[in-house]
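Undergrad: I'd like to ask some things about the structure below.
The values are calculated or read from the model by the stated rules, or taken from the named source; none is laboratory data. In this text the structure is predicted, and so the values were computed from the model without any measurement. With ideal geometry, Cβ positions are generated from the backbone for all residues, glycine too; neighbour counts draw on all protein chains shown. When the accessible area is computed, the model is the full protein with side chains, heavy atoms only, and any ligands, DNA or RNA have been set aside. Shrake-Rupley method; radii C 1.70, N 1.55, O 1.52, S 1.80 Å.
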Amino acid sequence: QVQLVESGGGLVQPGGSLRLSCAASGSRFSILAMGWYRQAPGKQRELVATITGSSSTTYADSVKGRFTISRDNAKNTVYLQMNSLKPEDTAVYHCRARLSGTDYWGQGTQVTVSS
């Protein structure tokens with residue numbers, strides 16, 4: 001079992017920045033493949049970024065060059081640094097951990113980009 005708790009969401013103006021955090025517990029964090037997903041109202045959940053246990057990363061085309069995923073294994077935490085935010089980035093952001101083929105999800109944190 002893996003428990004995930006996200007934090008760091010909020011309201012930000014277009015062009016602004018936010019950093020999301022996802023704290024994990026219940027498993028050896030360093031072996032977990034982690035990811036950030038988002039779901040906007042009326043839309044399907046979509047992949048934002050992933051990071052492996054060896055810190056290899058992937059990004060959705062829509063966030064490349066603006067978002068950075070990272071992890072701190074000493075703190076059992078994965079981060080999503082979001083810069084140059086746009087209104088279309090507005091969504092609930094969820095953290096996902098993958099362990100032995102099983103996905104675990106956090107409750108999500110709301111990000112709203114609006115002037």
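Undergrad: Residues of the range 23-46 being open to solvent by 70 Å² or more (accessible area, probe 1.4 Å) and of a type in the set (A, V, I, L, M), which ones?
TA: Ile31
Residue by residue, here is whether (1) basic (Lys, Arg); (2) outside any strand (DSSP E or B); (3) farther than 18 Å from Lys43 by Cβ; (4) open to solvent by less than 40 Å² (accessible area, probe 1.4 Å) holds:
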residue: Gly65; (1), (2), (3), (4): no, yes, yes, no
residue: Ile69; (1), (2), (3), (4): no, no, yes, yes
residue: Lys75; (1), (2), (3), (4): yes, yes, yes, no
residue: Tyr79; (1), (2), (3), (4): no, no, yes, yes
residue: Ser84; (1), (2), (3), (4): no, yes, yes, no
residue: Glu88; (1), (2), (3), (4): no, yes, no, no
residue: Arg96; (1), (2), (3), (4): yes, no, no, yes
residue: Asp103; (1), (2), (3), (4): no, no, yes, no
residue: Thr112; (1), (2), (3), (4): no, no, no, no
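Undergrad: Can you find a residue that is in contact with a strand residue (DSSP E or B) (Cβ under 6 Å, 6 or more places away or on another chain), more than 14 Å from Gly106 (Cα to Cα) and not in a loop (DSSP other than H, G, I, E, B) anywhere in the range 21-32?
TA: No, the range 21-32 contains no residue that is in contact with a strand residue (DSSP E or B) (Cβ under 6 Å, 6 or more places away or on another chain), more than 14 Å from Gly106 (Cα to Cα) and not in a loop (DSSP other than H, G, I, E, B).
Undergrad: When you scan the range 44-57, how many residues do you find that are farther than 13 Å from Val78 by Cβ and either touching a Gly at 6+ places or on another chain (Cβ under 8 Å) or touching a residue at least 40 places away in the same chain (Cβ under 8 Å) (or both)?
TA: Adding up the residues that qualify gives 2.
Undergrad: Of all residues being among the polar types (S, T, N, Q) and over 13 Å from the mean Cα position of the chain (by Cα) in the range 53-89, which is farthest from Leu20 (Cα to Cα)? Just the residue, please.
TA: Ser54
Undergrad: Go through the range 1-22 and give me each residue that's hydrophobic (A, V, I, L, M, F, W, C) and open to solvent by 50 Å² or more (accessible area, probe 1.4 Å).
TA: If the condition is that a residue be hydrophobic (A, V, I, L, M, F, W, C) and open to solvent by 50 Å² or more (accessible area, probe 1.4 Å), then Val5, Leu11 are the ones that fit.
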